[in-house]
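The values are calculated or read from the model by the stated rules, or taken from the named source; none is laboratory data. Since the structure is predicted, the reported quantities are computational estimates derived from the model, not experimental observations. As a convention, Cβ positions derive from the backbone with ideal geometry for all residues, glycine included, and neighbour counts pool all protein chains shown.
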């Protein structure tokens with residue numbers, strides 16, 4: 001029963017985070033806070049919060065590094081199957097080298113290259129959204145701890 005409750009609480013945390021980002025996103029036309037990889041990020045942050053892959057450094061820096069690589073490729077290279085594969089490979093290597101591995105961030109170069117994003121994408125949704133998910137994750141962990149007592 002405890003496992004079911006923890007699973008439901010994790011799902012609720014993911015709901016809160018994605019609802020926050022999507023409602024904020026829909027409220028302001030010039031601000032984007034939601035991107036598909038954040039759905040997978042919530043699985044880690046709320047489902048397995050103690051995992052090294054779910055730690056704030058990994059979530060925020062992992063998303064930022066891989067998004068930077070994606071935008072770099074959009075700005076300076078032609079988007080081709082080979083360039084998308086190269087960007088993804090570099091993103092994986094960069095996360096491993098910097099010890100900021102966050103698997104959902106591996107999708108960022110593909111997302112960015114396929115949609116032709118600019119440097120502003122690093123600020124919103126990547127950085128702002130990742131920070132919001134981490135903060136909501138910490139808030140939910142604190143609530144869970146108080147609820148469990």
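Side notes on the structure shown:
- Taking residues in region 100-111 that are free of Cβ contacts under 8 Å to residues at least 12 places away in the same chain, and partners anywhere that are surrounded by 21 or more Cβ atoms within 10 Å (Cβ to Cβ) and assigned to a helix (DSSP H, G or I), not one pair has Cβ atoms closer than 7 Å while being at least 6 places apart or on different chains.
- Of the residues in region 109-132, at least one is crowded, with 22+ Cβ neighbours inside 10 Å, modelled with pLDDT of 95 or more and closer than 30 Å to residue 5 by Cα.
- All positions within region 24-58 that are in a helix (DSSP H, G or I), at pLDDT 95 or above and more than 20 Å from residue 87 (Cβ to Cβ): 39, 42, 43, 44, 45, 46, 47, 52, 53, 54, 56, 57
- Selection count where residues are touching a helix residue (DSSP H, G or I) at 6+ places or on another chain (Cβ under 8 Å) and surrounded by fewer than 22 Cβ atoms within 10 Å (Cβ to Cβ), scope region 87-98: 5
- For region 71-86, the condition of being modelled with pLDDT of 95 or more, surrounded by 16 or more Cβ atoms within 10 Å (Cβ to Cβ) and under 19 Å from residue 129 (Cα atoms) holds for at least one residue.
- Residue in region 2-22 that is at pLDDT 95 or above, in a helix (DSSP H, G or I) and more than 18 Å from residue 137 (Cβ to Cβ) present: no
- Any hit, region 64-77, residues being outside any helix (DSSP H, G or I) and without any contact (Cβ under 8 Å) to a residue 12 or more places away in the chain: yes
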